[in-house]
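Engineer: Quick one: structure below, then a few questions.
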Amino acid sequence: MKRYRISYFFGQAFKGMWRNRMMTLASVTVLLSCLIVMGCFAMLVINIERNLDSLGDLNEIVAFVDSEEPYIEGAKAPLAPALTAPGKTFLGWSTDPDATSPEFRPGDTYSVSAKDAVAGVITMYAVWQGGITHEGYTVRYHALGVNLEGTLPEDSETLAPGTSLLLAPAVKARFDNREFVGWSTDPNASLHSDGGSDTAAETGDETTGETSEPTAPVGDGAPIYAPGDEYTVSADDARGGVITFYAIWEEKPSFTSYTLVYDTLGVEASGSLTDAEVRLNKIESQLQGLDNIAENGIVFVSREETLQAEKDKLKDYPSLFAYLEEGDNPYPDTFQITYKDNSGVDALKLQLDNIDGIYKTRCRADLARNIESLKHGIILVFSWFMAILFVVSIFVIINTVKLAVVHRSKEITIMRYVGATKWFIAFPFELEGIIIGLISGVAAFFIQWYMYVYVQSMIMNQIELISILPFAALRPLVLVGCLLIGVLTGLIGSMISIRKYLKA
Amino acid sequence: MIEFKDVKKVYPNGTEALGGIDLKIEDGEFVFIVGVSGAGKSTLTKLLTREEKITSGSLTVNGFDLSRMPERKVPYYRRRIGVVFQDFRLLPDMTVYENVAFAMQIVGEPKRVIKRRVPSILSIVGLQDKASCFPDQLAGGEQQRVALARALANNPATIIADEPTGNIDPRLSLEIMNLLIKIHRKNKTVIVVTHEKQLVDYFQQRVVTIDGGNIVSDRVGGMFGETV
Ligand SMILES: Nc1ncnc2c1ncn2[C@@H]1O[C@H](COP(=O)(O)OP(=O)(O)O)[C@@H](O)[C@H]1O
Ligand SMILES: [Mg+2]
């Protein structure tokens, strides 16, 4: 078996490259750029893919809830569950503090009604077995939802029926020129008998305080006392042991949305006692009822927690941090829901959107889909870009190798006469192409390595949210890719340029 | 053995260079091919080297059927014949030694074989002292001897020389011809295309005369002058 000397081929190849060194340099540069673009693109896509994976893998939906949104007329409000208090039996809820039997059972749904509201606030009183016995009454003042200059007069001590007291002086509205008329135990009391019906929403419920002696009988219904008037405590004026004097204004503030508060009537009880809590609990229990939820898959993150987390993240950005520090908490309460089955995401989302109080959901899968389509866009653009660069590289290599071929065309003719096989003639030129490809590939690899680490450190420092693969993980791929594509390009280019000279 | 049977060659442009050649050359023969310029002598040698394909007829060389030879076998066929051209066709950036060794390298001859054979071939053509010269440092006759050495490098059975003395000082032509005769004595078939009447007459070998693409005479002896 005859053997060909490798050194001959390499010698010829390097001679050819050296003779046309400028062209060789040009083709290395072009191919190098082509490979770098390809590599960057590939690494970008891989990293997007990776972030996609981690996003998709979390199987997480974030449900944004608003538990403090006021109710409108007719809205369904969940009522708090039963309270427990030592020595007391809880019966249910009522809008009447003196009720002995509950209007609503614990956990019932209450249909919000304007007539239960005082100044936009609906109070649910706990109904206890046997009722509450009041030893005397407390006098309390109420601004009826108007912002006051100064503060309201404070609650009185407990007073026995029949005790006299002087009512508080006039109060003054803070922001508008609302005229203070006087105090009344009926929030709906009005100065003008004829104007009684224009505050329609507040009329109707006048069962209490109607029959007390009218010291200053003005207007219709309940009497309106002038500031500083003497008032004798009467059990008839009390609701739940409290006699409330409402500030009566010439022009009553009107409310179209309502908030719900709970009142245990002075009993120390345990249980959720804010409407927000009740609503959150309701949402949570509804969430628990869904099928596609992983074990312990529902985590409540309060707006305060979110705020704190964001603050921690932004510690190094004083201006952003200050914004969070000073302003109102811009974050809503959220439930972070981990689901079991990725294919049921859409159904789950729909179910979530239908739960009262969840006003928005954000699905990792959604985000993943967005990034996915971004990825497709990138792939499309870069494919074209790459195709063009690839063609250009091949052309430059064809021309470089052709220079060597033309220079040696006489030699090639002689080789053919002496009986050189095609591959023997072609191999030095192909080797030249391959070496150009190899040099470009190796250079591209190291340049990309450097660039990647540089960009990575930059991004890692700036944006924590993005996870970037370490270069080590990409190294084999980039190296093999660069070398392979480089060598292939060089080989194809040189094969094209030598083809014509190989005809026997 | 070389055998032309009714070989026609028509070039793609329509020129009929050979119009039905019948010629038989036995192994170990020495043949002069003579004829005026344009007669078709070079075409004949090109058919033998398979540089051109025959248009019709059949051509067999040393058992190779050239009319049916696939492209990939051509190199191996060419290793069995040695060709010398009027213009030497040496590689200018290689020494005499390298030019000869090159032909052996191409066929994958081991270095050690090359090292042994090149000097002996160079001594056949009388250039053992010029091994490290470059072609442009040599006289025309010497260059042609290098070409001849290269043609011999792979020990072919047949040597084909197309006007080997055409570019050489006439006083040195005889020297080349003597070399070819010497090679012929080593039991090789030698085909020499030439113009040189005196040489043909001098050597008294078989002479095939071509005119207008046809063989007009084929005899032994120096009858070159009579036929043209
Ligand atoms: N490659 C070619 N294409 C077309 N015609 C050619 C070619 N080579 C030779 N011829 C023609 O063929 C004829 C024979 O040429 P050639 O064999 O070179 O003659 P000689 O070598 O005897 O001078 C001439 O008419 C020449 O013009
Ligand atoms: Mg000729």
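We did not get these values from a lab; they are worked out from the coordinates using the rules stated. Remember, predicted model here, so these are calculated numbers, not experimental data. With ideal geometry, Cβ positions are generated from the backbone for all residues, glycine too; neighbour counts draw on all protein chains shown.
Engineer: Need the full-extension length gain, A:ILE371 to A:ALA235, defined as separation in residues times 0.36 nm minus the C-alpha distance. One decimal, nm.
Structural biologist: The span from A:ILE371 to A:ALA235 would gain 42.1 nm if fully extended.
Engineer: May I pose another question? Please report A:SER409, A:SER7 as a ranked list, fewest other C-beta atoms within 10 angstrom at the top and most at the bottom.
Structural biologist: A:SER7, A:SER409
Engineer: Roughly what angle does helix A:303-313 make with the longest principal axis of chain A, taking Cα atoms, 0 to 90 degrees, to the nearest 10?
Structural biologist: 40 degrees
Engineer: Same structure again: Between their Cα atoms, which of A:LYS402/B:LYS53; A:LYS410/B:LYS5; A:LYS402/B:LYS46; A:LYS313/A:LYS340; B:LYS24/B:LYS53 are more than 22 Å away from each other?
Structural biologist: As for pairs spanning more than 22 Å Cα to Cα, those are A:LYS402/B:LYS53; A:LYS410/B:LYS5; A:LYS402/B:LYS46; A:LYS313/A:LYS340.
Engineer: Ok, one more. If r is the Cβ-Cβ distance from A:VAL392 to B:GLN128 and R0 is 60 Å, what FRET efficiency results, to the nearest 0.05?
Structural biologist: Working from the Cβ atoms, E equals 0.70.
Engineer: By count of other Cβ within 10 Å, fewest leading, how are A:TRP93, A:TRP183 ordered?
Structural biologist: A:TRP93, A:TRP183
Engineer: So, one more: How tilted is helix A:409-418 with respect to the longest principal axis of chain A? Cα atoms for both, answer in degrees (0 to 90, nearest 10).
Structural biologist: Helix A:409-418 sits at roughly 60 degrees to that axis.
Engineer: Once phi is turned into θ = phi - 60°, what whole-Hz ³J(HN,Hα) does the Karplus curve with 6.51, -1.76 and 1.60 give for every residue of the stretch B:195-208, x standing for Gly and Pro?
Structural biologist: 9, 7, 3, 4, 5, 4, 4, 5, 7, 6, 10, 5, 10, 10
Engineer: How big is the Cα convex hull of the protein assembly as shown in projection, averaged over all directions, in nm²?
Structural biologist: If you wrap the Cα atoms of the protein assembly as shown in a convex hull and average its projections, you get 54.0 nm².
Engineer: Jot down the radius of gyration and Dmax of the stretch A:1-115, Cα atoms only, both in angstrom.
Structural biologist: Cα radius of gyration and Dmax of the stretch A:1-115 are 39.9, 115 Å respectively.
Engineer: Hey, what's the Cα Rg ratio for the stretch B:129-228 versus the globular rule of thumb, 2.2 N^0.38 Å?
Structural biologist: 1.15
Engineer: Expressed as an acute angle from 0 to 90° and rounded to the nearest 10, what is the orientation of the C-alpha long axis of helix A:471-499 relative to the principal long axis of chain A?
Structural biologist: With both axes taken from Cα atoms, the answer is about 40 degrees.
Engineer: What Kirkwood radius, in Å to one decimal, follows from the Cα pairs of the stretch B:80-179?
Structural biologist: In the stretch B:80-179 this quantity evaluates to 13.3 Å.
Engineer: Per residue of the stretch B:84-92, in order, report the coupling 6.51 cos²θ - 1.76 cosθ + 1.60 (Karplus, θ = phi - 60°) as ³J(HN,Hα) in whole Hz, putting x for Gly and Pro.
Structural biologist: For the stretch B:84-92, the Karplus curve yields 10, 10, 4, 9, 6, 6, 9, 8, x Hz.
Engineer: What is the ratio of the Cα radius of gyration of chain B to 2.2 N^0.38 Å, where N is its residue count, to two decimals? Don't skip to the end; give the middle numbers.
Structural biologist: Values: Rg = 17.3 Å, N = 228, 2.2 N^0.38 = 17.3 Å.
Taking the Cα Rg and dividing by 2.2 N^0.38 Å, one obtains 1.00.
Engineer: How big is the gap, in Å, between the Cα center of the stretch B:1-58 and the Cα center of the stretch A:32-104?
Structural biologist: Taking the Cα centre of each part, the stretch B:1-58 and the stretch A:32-104 sit 96 Å apart.
Engineer: Hey, another quick one. Nearest 500 deg cm²/dmol is fine: what mean residue ellipticity at 222 nm does the protein assembly as shown get from its DSSP H runs of n ≥ 4 alone, each adding -39,500 (n - 2.57), divided by its residue count?
Structural biologist: Result for the protein assembly as shown, helices only: -13500 deg cm²/dmol.
Engineer: Please report, in whole Å³, the volume per residue of the convex hull around the C-alpha atoms of the stretch A:32-172. Each step should come with its number before you reach the end.
Structural biologist: Numbers: hull volume 38.3 nm³, N = 141.
Residue-normalised Cα hull volume stands at 271 Å³.
Engineer: Once you place label points 7 Å from the Cα toward the Cβ at A:LEU166 and A:SER270, how far apart are they in nm?
Structural biologist: Taking the two extended label points, one gets 4.7 nm.
Engineer: Let me ask something else. Using a cut-off of under 15 Å, list every residue of the stretch A:120-151 whose amide N is near the label point 7 Å from the Cα of A:SER101 along the Cα-to-beta-carbon line.
Structural biologist: It comes to A:127-131, nothing else.
Engineer: Cut-off under 19 Å on the C-alpha distance; same-chain residues fewer than 8 positions from B:LYS111 excluded. Which lysines are left, in chain and number order?
Structural biologist: Within the straight-line limit of under 19 Å, B:LYS111 reaches these lysines: A:LYS2.
Engineer: Using only Cα atoms, what is the ratio of the radius of gyration of the stretch B:36-131 to 2.2 N^0.38 Å?
Structural biologist: Cα Rg divided by the expected 2.2 N^0.38 Å: 1.30.
Engineer: So if each residue of separation counts as 0.36 nm, and I subtract the Cα-Cα distance between A:THR151 and A:LYS503, what length gain in nm does that give? Each step should come with its number before you reach the end.
Structural biologist: Numbers: separation 352, 0.36 × 352 = 126.72 nm, distance 10.66 nm.
The A:THR151-A:LYS503 span can extend by a further 116.1 nm.
Engineer: Hey, which aspartates and glutamates would be in cross-link range of A:LYS375, C-alpha to C-alpha under 12 Å, not counting anything within fewer than 8 residues on its own chain?
Structural biologist: Answer for A:LYS375, where 12 Å is the Cα cut-off: A:GLU49, listed by chain and number.
Engineer: If you don't mind, there's one more thing I want to ask. For the stretch A:275-347, what does the relative contact order come out to in percent, with C-alpha contacts under 8 Å and a separation of six or more?
Structural biologist: 42 percent.
Engineer: Determine which residues of the stretch A:366-396 fall in the zone a paramagnetic label at A:ILE459 would reach in this model, i.e. backbone nitrogen under 15 Å from the point 7 Å along Cα→Cβ.
Structural biologist: A:371-372, A:374-376, A:378-379
Engineer: Fewest first, what order do A:GLU326, A:GLU103 take by the number of other Cβ atoms within 10 Å?
Structural biologist: Exposure proxy ranking, most exposed first: A:GLU326, A:GLU103.
Engineer: Also, I was wondering about something else. Could you state the principal axis extents of the C-alpha atoms in the stretch A:252-351, from the largest down, to the nearest angstrom?
Structural biologist: 53, 42, 32
Engineer: As an exercise, use a Förster radius of 60 Å and the Cβ-Cβ distance of B:SER58 and A:ILE46 to find the FRET efficiency, rounded to the nearest 0.05. Don't jump to the answer; show the numbers that get you there.
Structural biologist: Numbers: r = 64 Å, r/R0 = 1.06.
Computed FRET efficiency for B:SER58 and A:ILE46 comes out at 0.40.
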